[in-house]
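First up is the structure itself, then whatever we jot down about it.
The values are calculated or read from the model by the stated rules, or taken from the named source; none is laboratory data. Since we're looking at a predicted model, the values are computed, not measured. Note that each Cβ is placed from the backbone with ideal geometry, even for glycine, and that neighbours are counted across all protein chains shown. The protein model used for the area step is the full one, side chains on, heavy atoms only, and it has no ligands, DNA or RNA in it. Shrake-Rupley method; radii C 1.70, N 1.55, O 1.52, S 1.80 Å.
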Amino acid sequence: MYKMSLMPLYTAEAIQEMVQILSEKIARNYKFDVVVGLLTGSFVFASDLCRHFPNKKIKVHFIKASSYGDATESSGKLNISLADDLDITGKKVLLVDDILDTGLTLQEMVKFLQEKGAAEVRSCVLLEKRARRKANIKADFVGFSIEDGFVVGYGLDCAGEYRTMPDIWTLENEN
Ligand code: PRP
């Protein structure tokens with residue numbers, strides 16, 4: 001069983017500041033055409049991030065990518081759906097996800113988008129966990145970086161719960 005940390009790891013205010021910083025950095029360094037957000041985790045982050053971009057012509061597409069289900073360990077197999085009408089041939093894509101953990105999701109998704117014909121794919125994650133990386137991959141734009149820990153809120157879930165909380169919290173083992 002898990003219990004919530006006493007204080008948020010990142011408050012809603014700290015997250016909004018980071019979103020602003022990230023959006024400015026991305027807009028300065030990468031002229032992209034399409035945002036591809038990964039459901040479900042990135043639904044809050046991607047929507048906040050997108051609204052900061054000065055280019056109002058960028059398109060937005062969400063794809064479902066899931067490997068954890070209700071488990072806390074990645075199954076190692078990525079299920080991709082909602083990508084049938086994705087047309088990114090020759091486009092520069094900004095791939096957006098909430099968290100980079102083992103890296104398997106990002107690795108598979110970059111490959112998938114390249115195979116779909118993207119001219120370039122760069123990635124942005126709000127949070128990276130360094131301890132459990134299995135894939136040899138880095139996100140191009142990273143907000144917060146932590147060693148490890150089970151984090152929820154701002155889109156991040158535990159068995160589908162806690163996604164709607166505006167702050168990010170740590171779940172700690174009760175024992
Ligand atoms: C979570 C998260 C990332 C991925 C990161 O997705 O949203 O997409 O795990 O983990 P990784 O680096 O170990 O691959 P999940 O599969 O839990 O689906 P969800 O977005 O629906 O929560």
Taking R163 as the residue in question, decide whether it is in a loop (DSSP other than H, G, I, E, B), more than 20 Å from F32 (Cβ to Cβ) and under 15 Å from the mean Cα position of the chain (by Cα).
-> yes
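Look at M18 and say whether it is closer than 18 Å to M165 by Cβ, over 17 Å from the mean Cα position of the chain (by Cα) and open to solvent by less than 70 Å² (accessible area, probe 1.4 Å). Let's see the steps before the verdict.
Numbers: closer than 18 Å to M165 by Cβ: yes; over 17 Å from the mean Cα position of the chain (by Cα): no; open to solvent by less than 70 Å² (accessible area, probe 1.4 Å): yes.
The answer is no for M18.
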Residue count, the stretch 22-51, condition in contact (Cβ under 8 Å) with a residue 12 or more places away in the chain, under 28 Å from C158 (Cβ atoms) and not in a helix (DSSP H, G or I), comes to 8
Query raised in the report: In this structure, is G143 surrounded by 19 or more Cβ atoms within 10 Å (Cβ to Cβ), away from the ligand (no atom under 13 Å from the Cβ) and over 14 Å from F32 (Cβ atoms)?
Result: yes
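For K92, state whether it is more than 10 Å from the ligand (Cβ to nearest atom), over 15 Å from the mean Cα position of the chain (by Cα), closer than 18 Å to A46 by Cβ and open to solvent by 70 Å² or more (accessible area, probe 1.4 Å). Please lay out each step first, then the result.
Working: more than 10 Å from the ligand (Cβ to nearest atom): yes; over 15 Å from the mean Cα position of the chain (by Cα): yes; closer than 18 Å to A46 by Cβ: yes; open to solvent by 70 Å² or more (accessible area, probe 1.4 Å): yes.
Spelling it out, K92 is indeed more than 10 Å from the ligand (Cβ to nearest atom), over 15 Å from the mean Cα position of the chain (by Cα), closer than 18 Å to A46 by Cβ and open to solvent by 70 Å² or more (accessible area, probe 1.4 Å).
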So I137, is it touching a strand residue (DSSP E or B) at 6+ places or on another chain (Cβ under 7 Å) and surrounded by 13 or more Cβ atoms within 10 Å (Cβ to Cβ): no
The residue that is surrounded by the most Cβ atoms within 10 Å (Cβ to Cβ), considering only those in the stretch 65-82 that are touching a strand residue (DSSP E or B) at 6+ places or on another chain (Cβ under 8 Å) and under 17 Å from C158 (Cα atoms), is A65
Checking F62, F32, F43 in turn, the sole residue that is surrounded by 13 or more Cβ atoms within 10 Å (Cβ to Cβ) and away from the ligand (no atom under 16 Å from the Cβ) turns out to be F32
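Pick out the one residue from D85, D70 that is modelled with pLDDT under 95, within 11 Å of the ligand (Cβ to nearest atom) and acidic (D, E).
Values: D85 fails: within 11 Å of the ligand (Cβ to nearest atom).
When all the criteria are applied, what remains is D70.
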Given the conditions (1) touching a residue at least 12 places away in the same chain (Cβ under 8 Å); (2) hydroxyl-bearing (S, T, Y); (3) within 28 Å of M165 (Cα to Cα), every one holds for S75 apart from (1)
When D85 is run through (1) surrounded by 15 or more Cβ atoms within 10 Å (Cβ to Cβ); (2) over 17 Å from the mean Cα position of the chain (by Cα); (3) of a type in the set (D, E), the failure sits at (1)
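Restricting attention to the stretch 95-109, which residues are open to solvent by 20 Å² or more (accessible area, probe 1.4 Å), within 6 Å of the ligand (Cβ to nearest atom) and free of Cβ contacts under 8 Å to residues at least 60 places away in the same chain?
Step one: of the stretch 95-109, the residues open to solvent by 20 Å² or more (accessible area, probe 1.4 Å) are 99, 104-105, 107-108.
If we keep only those that are within 6 Å of the ligand (Cβ to nearest atom) too, we end up with 99, 104-105.
I99, L104 - these are the residues of the stretch 95-109 that are open to solvent by 20 Å² or more (accessible area, probe 1.4 Å), within 6 Å of the ligand (Cβ to nearest atom) and free of Cβ contacts under 8 Å to residues at least 60 places away in the same chain.
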